Amino acid sequence: MQTATTPYLDSYDVIVIGSGLAGMTAANILGRSGYKVLLLERHYKLGGLATWFRREDNLIFDVSLHGFPVGMIKSCRRYWNADIADRIVQLKHIHFDNPQFKLVTTFDRDDFTRLLIERFKLEPSTVSEFFDTARNMTHYDNGQMTTRELFNRFFPGRDDVVRLLMEPITYANGSTLEDPALTYGIVFSNFMSKGVYTFQGGTDLFIKLLRQELVRNGVHIATNSPVEKIVVENGKIAGVRVSDHSLGLKPLELRGKTTPASELGGKTIRCRSVLSNGNLKGTIFNLVGKEHFSADFVEEANAVRLNNSSTQVYMALKQGEAFDEDECGDLYFTSTAPAFQTDLLLSRNITSRTFSFYYPRTRPGVDLYTVVASSNARYEDWAELPEDEYKRSKEDLIQVTLDSLEKYVPNIRDKVAYVEAATPRTFREYTDHWSGASFGTKYEGLAVSRSLAQQIPGLYHSGSVGIIMSGWLGAVNYGVIAANDMDSFLVQS
Ligand SMILES: Cc1cc2nc3c(=O)[nH]c(=O)nc-3n(C[C@H](O)[C@H](O)[C@H](O)COP(=O)(O)OP(=O)(O)OC[C@H]3O[C@@H](n4cnc5c(N)ncnc54)[C@H](O)[C@@H]3O)c2cc1C
């Protein structure tokens, strides 16, 4: 929140709705360029899905800090600062275990080439041509070929190879074999350039440093400030209205203190342009209202599909217990399904899980071993469950996850000090993403997101759409693109 010495203004050049990585990055760039920027967040903390939570006295869990491509270093250095960029480090031990293979890799092109040739017995020329094809895909490709067709072209009949290449990317951005191949190619190549990276210090430190940089660049920040309306006058952006209802989210971090109500609650703040970092469909249909768009655009926006959601189980070990690092590594892609199948990955009957193992080095100085199990999930499977069945299903999820972890951490039930589960309902509650989508919308959402300003001058969207623009790196980079578009608009208008 702003302090009494830096009061909010009645009017801004830019209002950013939502403090996900895309919203914060755009706010930072525009603030740094000298625009008056207000960042409004409905939650009591910044970060969106890039978040963490505390439990009991000393437990802290990361929700989406499992791994991102090396490009994050460059993007953070350029659009945030060197201190943030310098804390990004590589995760070197990525494990796979499923009925088709068990292996460890550094998850980069050299090591995958070695594995594909030596272990999977593929021709070196096929492997190299596949990598080059994936790397050369761009946003300007026509998007007709599906990922399944791409794999059929290079590795017909090799579902073991498809599993190695596809399973981690499905976790990284929710993409499936039926999605356009370029959504796979771009993200896969990003990871293959140098492996998988993380932020040393944890998500809490990362977001704290981003916040400090926003303040340094003059961005005004208001948390607990859900926007209920984007105000359009004469076909143009005029401002936003902040709801006077706080969301009632429970801030355990604040240890019993109540969250301060937003000073902006119930107010309309005027501005020249708005960037919504909220869910794309929520932005169009709830915040703006379909009456402000052309009929064709509304039809196109209606047709945009949402991405899938997730379940997670967070576990902390008792003091004095530790993981065997050789056995567990950093990231573990596990599955008991006989072959890779998208519908199995989404099923309530979970067969595939990614375990992220966190060691004391994640937060130097904090002697904590935690593990987070993530699985893709469908919102519909959880949304309508009556409360008692929902609680039972969460407990089941915890128990089957512990059963599955037993293979890698023997006697896990004796070692674990704390367990908790999150479901698609949790993700919906904390971010207001329709259907609790972990990665926004499918690919067609990108064109809709990019064309908002043609419908309403001054209106922009940035954040998880189109698979490529999601994940930590995708969101940061889409924030940069949106900030550039807004800068051009503001200069011209
Ligand atoms: C379980 C899980 C695991 C993940 N793991 C990884 C991973 O390992 N690596 C990776 O790169 N990515 C991962 N991701 C994805 C990544 O976290 C997201 O793609 C990225 O953080 C999304 O950023 P965003 O800018 O789209 O905004 P979001 O994070 O979606 O944030 C949007 C923000 O807008 C706010 N908001 C919405 N509506 C309003 C309103 N009306 N008024 C005010 N505020 C509003 C929300 O509260 C939220 O803070 C994971 C996601 C999930 C769910």
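All of the numbers you see were taken from the coordinates with simple rules; none came from a lab. Keep in mind the model is a prediction, meaning the values are calculated, not measured. So basically every Cβ, Gly included, is an ideal-geometry build from the backbone, and we count neighbours across all protein chains shown.
Based on alpha-carbon centroids, what's the gap between segment 418-493 and segment 36-79 in Å, whole number please? After rounding, the separation between the Cα centres reads 15 Å.
Working from Cα pairs under 8 Å separated by at least six residues, relative contact order for segment 308-429 is 41 percent.
For Lys236, the lysines whose Cα falls under 25 Å of its own Cα, not counting residues fewer than eight places away in the same chain, are Lys36, Lys267, Lys281, Lys290. Its DSSP H runs of at least 4 residues, each contributing -39,500 (n - 2.57), put the calculated 222 nm mean residue ellipticity of the chain at -10500 deg cm²/dmol, to the nearest 500. Counting only residues at least eight positions apart within a chain, or on another chain, the aspartates and glutamates with an alpha carbon under 16 Å from that of Lys318 are Glu56, Asp57, Asp367, Glu406, Asp414, Glu420. Amide hydrogen proximity for Val231: with H placed 1.01 Å from N in the peptide plane, the residues at 5 or more positions away or on another chain lying under 5 Å are Ala238, Gly239, Val240, Arg241. Each residue of segment 478-493 was assigned a 3J(HN,Hα) from its phi angle through the Karplus expression (A = 6.51, B = -1.76, C = 1.60, θ = phi - 60°), giving 6, x, 5, 4, 5, 4, 5, 4, 5, 4, 4, 4, 5, 5, 6, 8 Hz with x at Gly and Pro. Under the combined filter of DSSP loop state and at most 10 neighbouring Cβ atoms within 10 Å, segment 308-415 retains these GluC sites (Glu not before Pro): Glu384.
Computed over segment 317-386, relative contact order equals 31 percent, with contacts defined as Cα pairs under 8 Å that lie 6+ residues apart.
Ranked by how many other Cβ atoms sit within 10 Å of their own Cβ, fewest first, the residues Arg270, Arg42 fall in the order Arg270, Arg42.
So if I place +1 on the C-beta of Lys and Arg and -1 on the C-beta of Asp and Glu, and nothing else carries charge, what would the dipole magnitude of the chain be about its Cα centre? I want it in debye, nearest 20.
About 1120 debye.
Annotation: amide H of Tyr12 within the under-5 Å range of Arg270, Cys271, Arg272, sequence separation 5 or more or interchain, hydrogens built in the peptide plane.
Which ordering of Cys271, Cys328 is given by a fewest-first count of other beta-carbon atoms within 10 Å?
Working: Cys271 24, Cys328 21.
Lowest count first: Cys328, Cys271.
Sort Met137, Met315, Met469, Met145 so the one with the fewest other Cβ atoms within 10 Å of its own Cβ comes first. Intermediate values should be presented prior to the final figure.
Working: Met137 21, Met315 25, Met469 30, Met145 18.
Ascending number of Cβ neighbours within 10 Å: Met145, Met137, Met315, Met469.
Taking only C-alpha pairs under 8 Å that are 6+ residues apart, what is the relative contact order of the chain in percent?
Numbers: 985 pairs, mean separation 112.4, N = 493.
Taking the mean separation of contacting Cα pairs over the length of the chain, I get 23 percent.
Projecting the Cα atoms of Ser33, Tyr171, Gln144 onto the dipole axis of the chain, where Lys and Arg carry +1 and Asp and Glu carry -1 at the beta carbon, places Ser33 farthest toward the positive end.
The Cα center of segment 175-240 and the Cα center of segment 311-343 differ in position by 27 Å. The 3J(HN,Hα) values that the Karplus relation (6.51, -1.76, 1.60; θ = phi - 60°) gives for segment 450-467 are, in residue order, 6, 9, 4, 5, 6, 7, 9, x, x, 9, 10, 9, 8, x, 2, 9, x, 6 Hz. Gly and Pro appear as x.
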